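J.: Would you mind keeping the following structure in view while I ask a few things?
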Amino acid sequence: MLQIVSKSGASSGRAWPIVERPLILGRDASCAIRLNDPVVSRLHCQVYLRDGQARILDMDSRNATLVNGMPVQDGVLNPGDEIAVGASVFLVTQLYEERGAPKRKSSKLSDTSSLKIDAPIYSSASGDSLFRKGTPHTTVELAHLFSFGRALSQASTTSELISILEHHIREQFTPSAFWVVLVCEEEKAPVIFPVSDVHVLRDDETLYQHIGQAIVDKRSLLLPQLLGAAASGGVKTTIISPVVLGQEVLGALAAQSHSPERVYEESDLSYLIAHAYALAPYIRVVDRLERLEVENQRLVAGLAYDGAIVGESAAIAALRSQARDVARSRLSVLILGDTGTGKELVARMVHELSDLADKPLVIVNCAAIPDELFESEVFGHEKGAFTGAHTSKAGLLEESNGGTLFLDEIGDLSLANQARILRAIETGTYRRLGAGAVRHATVRVVAATNKNLEEEVTAGRFRRDLYHRLNTFILRLPPLRERRGDIPALAEHFRRQVVKRDGRGPSGFSDDALRALERHGWSGNVRELRNVVERAMVVAKNETIIEADLGLSDGALADTAFVPLAEMERRHIEEALQRASGNVPEAAALLGIGRSTLYRKIEK
């Protein structure tokens, strides 16, 4: 003989035998099983026995009667079936075995497992079974999924999609932690969205592996674990569902709860699977929309972008074209050029024209960071890692995660730090100083140097493997002396910048001043030109800048007055110190180098 047992609601745990007289379920006071639920009809359904079979009949209810998640009008009930009426769920069970009656295998109870600590319960790897497990069990769940799908249809970006998902998951599952993991289509690697603390997930190697396995195997799981010390008696349960579209796995959803607030069971896992199935097509649609938008912006920007690289010479036009081309890829870029030619501007251009333009661009001045501080600055450190480390600190690599990492003056790195940065670039993993946990970072690397790295490799001062890792695509900046035709445009550009900043200044250059600028040697390249123009803007007494205002009458005007580079650098440093009244940090800022670098050059 069969009975129905209430699994939820005010009557949870009560049982009613199924006999020939119908058991009517509904909101009306006359019902044998009264359900005070606004979505339940007055006379919703009835359960009865006919010809030895337990049956269920929907009484034209407004919101349907569900058996095992499927709406029914009239059907047979078997042990293990679940009946959902509104928010209430009833389980069909065997009251007792009739003598001589054949034993029937439960269609539902056979799928139910008892929870055991550290013993994950998996769903079948079969797609059909996974979909069946992902059906709603009550009309309330069905209504929620309808609302969920309607909200997802309004999203046009991944961030909006994740925000909607987070709201619905927190409302339905009240998790203590929740993670969304999507697979990056280009790299086939998981990307964790920061709905909950990403580092907590990465530090929990067991959970991280289970999520990865769910993605690979296309099967969901329920994982009970002890919470803290075994003596505390606390339990945390985690439910994980892959997000599958056709034969493609797009990612996974993971929710975690802590007792006594909530303990997840298989019905919760089933409901999470339903959310994953509802989410999957919208992930693909939004991803395509974002890619089309980015591509459109890049095409438009690539045709019109001039950026701050001023000039119309053939060399600069070719540089712009190459920068646009490489920006559309994820290749590593090596920018070569003399000091002051504008390597950082080119790095910014590559970043701004790429699909990472809305992600961070982090600049690491390798020449300005002392060797002993490089690891802490780039990789970060934990509290107490060294004297003075009073708090934990994220490194520059962590800040650039998902974006572009610009390694300026890479040629000045020591061999030990070259090895560290190479490993981080190659593997995408690193450790904070003083930490044991491995962290992950995905970055696009752009490097720059004024040195001849091939000669540095031959001399043993630069690692060959790092050089080949960086020079996938090389951009060469010509020195200013090789594009003298751009000097008038650059000078005018710097003049306008000063006027915009100060609100006053000369309105232009005299013909003699422009000719003097074009004749000058410019060992300091564009940076030197900018400094000369800014100085002239201060000393000029007329409406236009004249030759005398430039301060170039020191014999360095003609190409024939060649001065060794070391001597020119000495003069340039002396000029910067003079302008800064001997203040070394201020002089270093004028020169565009780090204080430690300037101290070394002064000592030399």
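J.: Want the number for Asn36 to Glu603: 0.36 nm per residue separation, take away the alpha-carbon distance, what's left?
T.: 195.4 nm
J.: Is the shape of segment 405-453 best called rounded, prolate or oblate, per the rule: a/c under 1.5 gives rounded, else a/b larger than b/c gives prolate, else oblate, with a ≥ b ≥ c the square roots of the Cα gyration tensor eigenvalues? Don't skip to the end; give the middle numbers.
T.: Details: a/c = 2.88, a/b = 1.76, b/c = 1.63.
The shape class here is prolate.
J.: Is the shape of segment 329-416 best called rounded, prolate or oblate, per the rule: a/c under 1.5 gives rounded, else a/b larger than b/c gives prolate, else oblate, with a ≥ b ≥ c the square roots of the Cα gyration tensor eigenvalues? Mind showing how you got there, number by number?
T.: On the way: a/c = 2.85, a/b = 1.50, b/c = 1.90.
Oblate is the answer for segment 329-416, as a/c is 1.5 or above yet b/c matches or exceeds a/b.
J.: Mind checking the full-extension length gain between Glu160 and Asp60? Use 0.36 nm per residue of separation minus the Cα-Cα distance, one decimal, nm.
T.: Working: separation 100, 0.36 × 100 = 36.00 nm, distance 3.91 nm.
Full extension from Glu160 to Asp60 adds 32.1 nm.
J.: Using 0.36 nm per residue of separation minus the Cα-Cα distance, give me the extension gain between Ser147 and Thr206 in nm, one decimal. Walk me through the numbers before you get to the answer.
T.: Working: separation 59, 0.36 × 59 = 21.24 nm, distance 3.39 nm.
Additional length available on full extension: 17.9 nm.
J.: Which distance in nm do the two modelled labels at Ala459 and Arg504 give, with both placed 7 Å along the Cα-to-Cβ direction?
T.: Between Ala459 and Arg504, the simple spin-label model gives 4.9 nm.
J.: Would you work out if segment 431-511 is rounded, prolate or oblate? Take a ≥ b ≥ c from the square roots of the eigenvalues of the alpha-carbon gyration tensor; rounded if a/c is under 1.5, else prolate when a/b is larger than b/c, oblate otherwise. Mind dumping the intermediate values first?
T.: Details: a/c = 3.82, a/b = 1.81, b/c = 2.11.
Oblate shape, in that a/c is at least 1.5 and b/c is the bigger or equal ratio.
J.: For a Förster distance of 30 Å, can you work out the FRET efficiency between the beta-carbons of Tyr122 and Ala15, rounded to the nearest 0.05?
T.: Numbers: r = 31 Å, r/R0 = 1.03.
The computed FRET efficiency comes out at 0.45.
J.: How much accessible surface area, in Å² rounded to 10, belongs to the heavy atoms of Tyr282 with a 1.4 Å probe?
T.: 70 Å²
J.: Local charge sum around Gln172 (other residues, Cβ-Cβ under 12 Å, Lys/Arg +1, Asp/Glu -1)? Walk me through the intermediate numbers first.
T.: Details: positive: Arg170, Arg262; negative: Glu141, Glu166, Glu171, Asp268.
Net of charged neighbours comes to -2.
J.: Continuing with the same structure: Within segment 528-551, find all residues whose amide N lies under 15 Å from a label point positioned 7 Å from the Cα of Arg496 along Cα-to-beta-carbon.
T.: Correct set: none at all.
J.: Here's a follow-up. Just want to confirm a number: the relative contact order over segment 412-554, from Cα pairs under 8 angstrom separated by 6+ residues, in percent. It would help to have the intermediate numbers written out before the result.
T.: On the way: 118 pairs, mean separation 26.5, N = 143.
Relative CO of segment 412-554 lands at 19 percent.
J.: To continue, here is another question. In Å², what does the accessible area per residue of segment 468-511 work out to with a 1.4 Å probe?
T.: Averaged over the residues of segment 468-511, the accessible area is 56 Å².
J.: Under a plain spin-label model, where a point goes 7 Å from the Cα along Cα-to-Cβ, how far apart in nm are Leu289 and His258?
T.: 3.7 nm
J.: Now for a different question. For an R0 of 51 angstrom, estimate the FRET efficiency from the Cβ-Cβ distance between Asp51 and Val438 and round to the nearest 0.05. Spell out each step's value before the answer.
T.: Values: r = 65 Å, r/R0 = 1.28.
After rounding to 0.05, the efficiency reads 0.20.
The values are calculated or read from the model by the stated rules, or taken from the named source; none is laboratory data. Keep in mind it's a predicted model, so treat the numbers as computed, not measured. In this analysis, Cβ positions are derived from the backbone assuming ideal geometry, glycine residues included, and neighbour counts consider all displayed protein chains. Side chains are part of the model used for accessible areas, which takes the heavy atoms of the whole protein and leaves out ligands, DNA and RNA. Shrake-Rupley method; radii C 1.70, N 1.55, O 1.52, S 1.80 Å.
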